[in-house]
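Below: one structure, written as structure tokens.
The values are calculated or read from the model by the stated rules, or taken from the named source; none is laboratory data. Keep in mind it's a predicted model, so treat the numbers as computed, not measured. Counting neighbours? That spans all protein chains shown, and the Cβs are built from the backbone with ideal geometry, glycine included. Note: areas computed on protein heavy atoms with side chains; ligands, DNA, RNA excluded. Shrake-Rupley method; radii C 1.70, N 1.55, O 1.52, S 1.80 Å.
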Amino acid sequence: MTTTTTPAVLVDAEAVAERPAASRARVVARRFVRNKGALTGAVVLVALFLMAFAGPYVTHWSYDAIDYTALRQPPSARHWFGTNGIGQDVFAQTVRGLQKSLLIGLLVALFSTVLASLVGACAGYFGGWTDRLLMFAVDLLLVFPSFLIIAIISPRLRSGGWLAFVGLLAVFGWMITARVVRSMTISLREREFVRAARYMGVGPFRVILRHVLPNVASFLIIDATIAVGGAVMSETALSYFGFGVQPPDVSLGTLIADGTPSAVTYPWMFFFAAGLLVLFVLAVNLVGDGLRDAIDPTAGGGRGRKGGRR
Amino acid sequence: MGVYLAKRLGYYVVLLVVAICLSYLLASVALDPRAYYAGRQPPISPAAVDAHLTAIGVNDHTPLMDRFGHWAVRALHGDLGKTIDGTSVNAEFGRRLGVSLRLLLAGTIIGTVLGVLVGAWTAVRQYRLSDRVVTLASFALLSTPVFLLAVLLKTGAIWFNNTTGTHVIQFTGESTPGLGGGFWTVLKDRSVHLLLPTISVALFAIASYSRYQRSTMLDVLGSDYLRTARAKGLRRRTALLRHGLRTALIPMSTFFSYGFLALFTGATFTETIFGWHGMGEWFISSINDNDVNSVVAVNVFAAVVVLLSGFLADLLHAALDPRVRHA
């Protein structure tokens, strides 16, 4: 008997489990790369991350350093993106702001997706009063205009810094995802492998972690990607009105707010930050859309985009 | 179906009451009305501040539950209390609501109708050049925050006015203060002021609704009943509009109701940036003034808008989908 004809029973169980997963990943990757928009988006994202995290090391200006000899200077070899009204280097500020906005976006998407998947899976899996209570909480949070509530609370959390702000954005950003996870869980609960696990005496939380959540993972990945864009938009919007990131720290939102009055006269103070913001969110949306098409080719192009923006 | 709608309505009322109570408690705890009087020239004596805060029911020395009780009893009689300046919240509410409606109405209607039509049109022309261009444009728009688009529109208007040396496009406020003239002069002045906010509101509605409509329409286009409708001799246009678009509108009712919330949040930016004194601008200014009663009023308004639109979506769903109607 040669190895090629080894009966499946003898093959290491892990290898069997691994093979279809790997080929699926390859299929998804191939579909993703074929999608020009998604590929462009991915390249832009990588470039933006490089810029945000390597940028501070390629300029010798610090984001809060002041060059008294250059006030409101247009872009030059000395100051790549020009300087602002008090002589700060706009490139250093933009890079720093981009970095903060990206970090906030990533963390918010991570926290809110974890929260959404846990709440949604518990509501769907347990059903009954757990479900009713959790869904009431979801509806309640949806009734609250999250922008307004964050604006009320965030000045009180100023001492907590930007991480408290991240928590606040995450707490108000998970509800619709949770609803989708809940409805997916309800149908998963009746599937054979989940029932089998349950009848074998596996505890409910273990079933949720091991059997339910992995089966909604592809949805969660897509959703988390798009949530990054939504979180960055909320962050910049709140910071624009002064309810978000506080000076002396900068984010794309505060930079855009500072540059707005001089958008016509000194465009470099405004358009670099604004352009990067739009570019980033656009790239995230393209990647999210491409991921959706690659993972679930039957889903429609614009399907399932949720009102996470603003 | 009547039972279904009544049940939904009952649920919405419970949600509304809980949301309003929570937002009152939250605003009372988070805001500090005393700060509004700090640093005045000439300084106001603490006793006077206390008296004033007690008069409008937001004195933080009164226990929170007492304040809430007083507020709730009055709110049940339809009185939302006094603003921090001592004027009536109800009067301010009415005035601001009118402003917001005038600002949003045209843009919303134009945006919704155009969004649905553009979405259906791009679905019919899937993967052609026009579809690709519209898709890319709406992606770009959806990636632009409201405040950024508003600022860009304003910048464009300033540039336009500067280059042409005129003041054709107005972008601050609702009307030119102290403008005389007859009905037509006023109407022209108001529509000129409305131009940019309407564009900004409508563009977002078009961008997001057309994406949803395109995908729901695509689902419908491949269906058997549409082919049957064509096969029995209906013209393409009639089949697409009567059988295709109508069915494709059903799932849209949910998106319309979510759209209202986004619209309201968006109005906060549109109003603040274009200098309209509507609900959204009121919200920002009342937070900055630590004006508890006004903040709660805006929250009440927003919650009512969300729930009303949710209920409207249920009604619309029932009207469009016979399965719900006869269930």
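Considering only B:H243, B:P177, B:N293, and ranking their Cα positions along the charge dipole of the protein assembly as shown that arises from unit charges at the beta-carbon of Lys, Arg, Asp and Glu, the one farthest toward the positive end is B:H243.
Distances between placed amide hydrogens fall under 5 Å for B:K82 paired with B:V89, all partners being 5 or more residues away or on another chain.
Across peptide B:148-155, the average count of Cβ atoms from other chains found within 10 Å of a residue's Cβ is 5. A Förster distance of 30 Å, applied to the separation of the beta-carbon atoms of B:L5 and B:A72, puts the FRET efficiency at 0.60. The value of relative contact order for chain A, using C-alpha pairs under 8 Å at least six residues apart, is 25 percent.
Per residue of B:283-290, other chain Cβ atoms within 10 Å of the residue Cβ number 3 on average. Beyond 27 Å, what share of the Cα-Cα pairs of the range B:95-277 remains, rounded to the nearest whole percent? Tail of the P(r) past 27 Å holds 39 percent of the pairs.
Annotation: lysines with alpha-carbon distance below 27 angstrom to A:K100 (same-chain offsets under eight excluded): A:K306. Taking 0.36 nm per residue of separation and subtracting the current Cα-Cα distance, fully stretching the chain between A:A196 and A:W129 would add 21.7 nm. Only one residue of A:Q99, A:C122, A:F81 has its Cα farthest out toward the positive end of the dipole of chain A, where Lys and Arg carry +1 and Asp and Glu -1 on Cβ, and that residue is A:C122. Note on A:275-288: average number of Cβ atoms from other chains within 10 Å of each residue's Cβ is 3. Positive-end ranking of B:I206, B:G259, B:S143 along the dipole of chain B, with charges on Cβ about the Cα centre, is headed by B:I206. Remark: the range A:144-152, residue by residue, has Karplus-estimated 3J(HN,Hα) of 4, x, 4, 4, 5, 5, 4, 5, 6 Hz, where x stands for each Gly or Pro and the curve is 6.51 cos²θ - 1.76 cosθ + 1.60 at θ = phi - 60°.
Quick one: grab the alpha carbon gyration tensor of chain B, order the square roots of its eigenvalues as a ≥ b ≥ c, and give me rounded if a/c is under 1.5, else prolate or oblate depending on whether a/b is larger than b/c. Oblate. Using 0.36 nm per residue and subtracting the Cα-Cα separation, the extra length available between B:D60 and B:D79 on full extension is 4.8 nm. Solvent exposure of A:R78, expressed as accessible area, is near 130 Å², computed with a probe of 1.4 Å over the protein chains only. For B:L53, the solvent-accessible surface computed with a 1.4 Å probe is close to 0 Å², ligands and nucleic acids excluded.
Relative to the longest principal axis of the Cα atoms of chain B, the long axis of helix B:292-320 lies at roughly 20 degrees. The packing ranking of peptides A:92-99, B:224-231, B:147-154, highest mean first, is A:92-99, B:147-154, B:224-231, where packing means the average number of other beta carbon atoms within 10 angstrom of each residue.
Consider a paramagnetic label point 7 Å from the Cα of B:L25 along Cα→Cβ; state which residues of the range A:102-124 have an amide N under 12 Å from it. Counting only backbone N, you get no residues. Summed over qualifying helices (DSSP H, 4 residues or more, each -39500 (n - 2.57)) and divided by its residue number, chain A shows a 222 nm mean residue ellipticity of -22000 deg cm²/dmol. Angle of helix B:2-30 to the longest C-alpha principal axis of chain B, folded into 0 to 90 degrees and rounded to 10: 40°. Measure nothing fancy, just the Cα-based angle from helix A:175-189's long axis to the longest principal axis of chain A, in degrees from 0 to 90, nearest 10. Value to nearest ten degrees: 10.
Treating r as the C-beta distance of A:R78 and A:V46 and R0 as 22 Å, the FRET efficiency rounds to 0.20.
Here A:R210 and A:S23 are evaluated by their C-beta separation; at R0 = 25 Å the FRET efficiency comes out at 0.65. Of the solvent-accessible surface of chain B, computed with a 1.4 Å probe over protein heavy atoms with every protein chain present, carbon and sulfur atoms account for 68 percent. Ordered from highest to lowest accessible area with the whole protein assembly present and a 1.4 Å probe, A:F111, A:F32 read as A:F111, A:F32.
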